[in-house]
Every structure is written in structure tokens, then in C-alpha cells.
Amino acid sequence: MGNDKCQEECGVFGVSLTDEEAAGLTYNALLALQHRGQESAGIAVLVDRSIRVKKDRGLVNEVFNVGTLGRLPDSTMGIGHVQYSSGGVANSESAQPMVAEYLRGRLAVASNGNLVNYAEIRGELEKRGCAFATDTDAELISSLIAMEALVCENVEDAVAKAAKQLRGAFSIVVLSSQGKLIALRDGWGFRPLCIGKGEHGLAIASESCALDGAGFDLVRDVKPGEMVVINRQQDMDTYQILEQERRGICIFEYVYTARPDSVIDALSVYQARFNAGQILAREYPVDADMVCGLPDSGLDAAQGYSAGSGIPLVSGFLKNRYIGRTFIYPSQKQREAAVRVKLNPLKATVAGKRIVAVDDSIVRGTTIVKTIQSMKEAGAAEVHLRIASPPYKHTCYFGTDIHDEATLIANQVSLDELCRMIGADSLQYLGIDGLKEACGGCALPFCDGCFSGVYPMAIPGR
């Protein structure tokens, strides 16, 4: 909730169509992926052998309106991106897609993830004469592909050669002026990527909810290490260019990042969260009158807790969906006031009741204190907080904004101290084994480094 959650995820999308609706369908898809990034948005389309781009800071419907979307040329191929700022300060230059030029044409790249060998690759490219305007992975990847394209026969060979030099998390889409839409997922499968098919063509998306929003049916997930190449005629070829490693999808996708109506690696995100709530009820029961999910990310787990415990599920909060993003306010006092306006407890349901409040995670602990306090002020007799994931204790090197473990509340205080600090009557977290049980239907194993501190690969300079 609010400022207490991880940021810095991104969403990517790409289409190859039989009609010239690439910009409009990409816009619809980006709206469905808005939860993955709210700092900037961009769309690139292919026109003849040229690539046109519109991107800027802001939400999708702030960057694109009837006028700006209409000024993008009609096209059958396009890619799009939504992102959080990778360095804490967003600007229009760092917005994606990133465009690079080379002797045979242009290409645009949109990326989700984080490279752990970014500095090494950038140093090598700078020695070869490349200059960089940003510190984004997408600009680095686009420059690397353009460099490899100088000695490769086609752009897909250049993408494959570049990919073999990357380490870390990357799900990318590439639009080439040669008329190719290329998608690639790293060999670990850290970040989601899937293929869709519709009446008018093929699509690639970070989540299946974007396919739904743009009118495509989910075909399957892109396999770890797989490259997908789609041409103007919607012919699709796939190549296993990277070795499939021993770990897979980031488990935090199922905890918080992904939208509940998405299916990732054969597992419904909603079902995983519902399962987590059921297991949480089994592991940490409490004598209470009602279960309340903390909007929006705790709602699905709360349903599971209610089903597992037999305690009625009741709406405990009214969420003002028009307040906007609380983190844009200039002062902490204003942000805190906006949080209160955004989420208000329903006194008629909570007054005099013993409540089980369910949320997906506590990361920095900056918002949950005020949430529990507001429930007590509304007359709740007891508030028992249940978290549908383990304590978040470790840096993520693969795409979220946890850079300093000292900022994580689970590293600052004990469980009992945190419970007293936030004003709850009891506090319990789901264990790692319970979370893995909840996500047992996933087709891949998991990276759970943010919870366990065990990472699937060595981190340079860690």
C-alpha cells in the first residue's frame, strides 16, 4: 500500500498486425500494464523502414491523449513500455522505448528487469565509441544490439549475439526497421513474458492481462532463454538461444507485482494469492469477527484467509481512486495526508469488531502504521495483521528498487517490536515454505532472494 511497496518494475508490449492499429492496441495494452510502472510511458511504431517514437513522463493516459496518439502514424507493428524511474528521478530521456541507429537501419528496445553486469558492458561499449545519454538497461541493450548488427546478417542474429553477453534479469521486445518484432527472455526467466494471438495478428506482453486488454488470447509463456521472431506477415519463429538455468520467475510477481487477472508461467496470480491467504489462516489462526483485505494488494489473500478460517470477509476500507499518486506530493506531511484521503476505514463495518487485516507484504513500513491507526480510530476493538509473504529482508538485484537493506523494516526491529510499533494486536508473516506451496502450480522454480538472501547467480561487486 502507498509508499511501502517496491517500485521499479516495468511492462513491455509488442504487436505485429494485419491492419494498421499498432499504436491504438499498444495504448490499450499499456493501460492494462500501468500497475508495473507509473513514471513514464512510450510507444514506438514502424512506418516503412523508419521508426517513430512518442514517450514522456507520466501515466499512459497523461502521455497519450487523442491528439498525441493520433499523431503516431498508422502502422502494423509497434512496441510499448511503462516504467518506474531506475534511479529515483525520472526524466523524458530515460523513458522507453530506446532507439538506436546503425548502418542498416534503426531499432527500438523496451526492457523489463535489471542487468547485473551493466557497468562491465557499458565500459566495453564506450571503448568502442558508444556514447550514452542515460543509465538505463534499454539504452545499453539497444547500443549493444546495434553494435553487433554491424557484423551480423540480420537483426535477430545481432539480438542473439548481444543476449549472450547479458547477465541478470531481462525480458525485452525489439522493433527493427527491417520489419521484425523480436522478444527475448533471460535464461533464468526472472521476469514474465508471454505470447498472444488474435484475429488480427500476434502480440508479446509482460503479462497476460495486457493481451486481454488488447484483444489477444494467451498462447503460452516465452520460455527462459527463448527468442521469438515475428515478421510483418505474422509468421513466428522461435529459437532457444540461452541455456535454461536452474532458477526461474521472481516469486514477488505473485506476491505483489503482477495483476491478479494475469496468468504467469501457467499459474493464475489470483489463485496464488488466494492460496497464500488460505495457508496463512492455517498457520496463524486468530479468534476474530471479520477478515479485511487492505486495498488493493491484500484483497485476494484476504479472500483466501476468510475461506480458510471461516471468518466472514468484510470490506473494511473505501478507496478513493481519484486521489492520484501519493508519492508526487513534495513533502512527507502532504503525502501522509493524501494517504488518509486515499484510504478511509468504513466505521460501520469495523467499529467494535475484532479484525484480521490481511496485506501482501511489508517492505519499509511507512504506510501500515497509519492504516492500523485509522482502523483503531474508527472503533476497531482489535486488529490482527497477517502478511501473505515472508519478511522482506534482502536487496533485489533483478529489477526492484531495494538497494539498501538497512531501509527494510524487517531488518530494523524484531517481529514483536514491529507489532507494537504499528499498533497491531498481533502480527504474523507467511513463511517461505508456505509461499512456495501457494505458488505450487507455477511451471518454473522461483527466485526468492528478497526473502531468503539466496540468489541464483553471483552478483558482481555485491
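Figures for the structure shown
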quantity	calculated
Qualifying helices (runs of 4 or more DSSP H) (wholly inside the stretch 319-391; at least 1 residues being surrounded by 14 or more Cβ atoms within 10 Å (Cβ to Cβ) and modelled with pLDDT of 80 or more)	347-350, 368-377
Selection within the stretch 441-462 - among the charged types (D, E, K, R), over 18 Å from Leu267 (Cβ atoms) and within 17 Å of the chain's Cα centre (by Cα)	none
Boolean, Ala162 is free of Cβ contacts under 8 Å to residues at least 40 places away in the same chain and in the same structural domain as Asp56 (by TED's automatic domain parsing)	yes
Residue tally, condition in contact with a strand residue (DSSP E or B) (Cβ under 8 Å, 6 or more places away or on another chain) and either hydroxyl-bearing (Ser, Thr, Tyr) or exposed (fewer than 15 other Cβ atoms within 10 Å of the Cβ) (or both), over the stretch 135-153	4
Test: residue in the stretch 119-137 that is in the same structural domain as Arg52 (by TED's automatic domain parsing), acidic (Asp, Glu), within 25 Å of the chain's Cα centre (by Cα) and over 20 Å from Ile195 (Cβ atoms)	yes
Residue in the stretch 120-137 that is among the aliphatic types (A, V, I, L, M), without any contact (Cβ under 8 Å) to a residue 60 or more places away in the chain, farther than 24 Å from Ala214 by Cα and touching a Ser or Thr at 6+ places or on another chain (Cβ under 6 Å) present	yes
Residue that is nearest to Gln83 (Cα to Cα) [pool: residues in the stretch 127-138 that are of a type in the set (Gly, Ala, Ser) and in a loop (DSSP other than H, G, I, E, B)]	Ala133
Segments classed as strands (runs of 3 or more DSSP E), wholly inside the stretch 139-249, with at least 1 members that are modelled with pLDDT under 95 and under 22 Å from the mean Cα position of the chain (by Cα)	168-176
Counted residues, the stretch 367-382 - those being closer than 24 Å to Asn411 by Cβ and in contact with a Lys or Arg (Cβ under 9 Å, 6 or more places away or on another chain)	2
Pairs where the first residue, in the stretch 284-312, is aromatic (Phe, Trp, Tyr) and the second is buried (at least 19 other Cβ atoms within 10 Å of the Cβ) and part of a strand (DSSP E or B), C-beta under 7 Å, 6+ apart	Tyr284/Arg386; Tyr305/Val291; Tyr305/Val356; Tyr305/Val358; Tyr305/Arg386
Close pairs (8 angstrom Cβ cut-off, 6 or more residues apart or separate chains): under 14 Å from Ile264 (Cα atoms) in the stretch 178-197, in a loop (DSSP other than H, G, I, E, B) and among the β-branched types (Val, Ile, Thr) anywhere	Arg185/Val222; Leu193/Val222; Cys194/Val222; Ile195/Val222
Residue that is surrounded by the fewest Cβ atoms within 10 Å (Cβ to Cβ), among those in the stretch 257-289 that are touching a helix residue (DSSP H, G or I) at 6+ places or on another chain (Cβ under 7 Å), of a type in the set (A, V, I, L, M) and closer than 26 Å to Asn344 by Cα	Ala281
When residues of the stretch 391-421 are limited to those that are touching a strand residue (DSSP E or B) at 6+ places or on another chain (Cβ under 7 Å) and touching a residue at least 40 places away in the same chain (Cβ under 8 Å), the one nearest to Thr257 (Cα to Cα)	Gly399
Within the stretch 250-284, considering residues that are in a helix (DSSP H, G or I) and of a type in the set (A, V, I, L, M), the one farthest from Cys442 (Cα to Cα)	Ala281
Test: residue in the stretch 436-453 that is farther than 20 Å from Val255 by Cα and not in a loop (DSSP other than H, G, I, E, B)	no
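Table: residues versus (1) modelled with pLDDT of 90 or more; (2) buried (at least 20 other Cβ atoms within 10 Å of the Cβ).
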site: Val60; (1), (2): yes, yes
site: Pro73; (1), (2): yes, no
site: Thr76; (1), (2): yes, yes
site: Gly87; (1), (2): no, no
site: Ala90; (1), (2): no, no
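A quick yes/no check of all residues on (1) more than 21 Å from Ala163 (Cβ to Cβ); (2) assigned by TED's automatic domain parsing to the domain that holds Gly24; (3) part of a loop (DSSP other than H, G, I, E, B):
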residue	(1), (2), (3)
Gly42	yes, yes, no
Lys54	yes, yes, no
Asn61	yes, yes, no
Asp74	yes, yes, yes
His81	no, yes, no
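The values are calculated or read from the model by the stated rules, or taken from the named source; none is laboratory data. On a predicted model such as this, the values are computed, not experimentally measured, just so you know. Ideal geometry is used to build each Cβ from the backbone, glycine not excepted, and the neighbour counts take in all protein chains shown.
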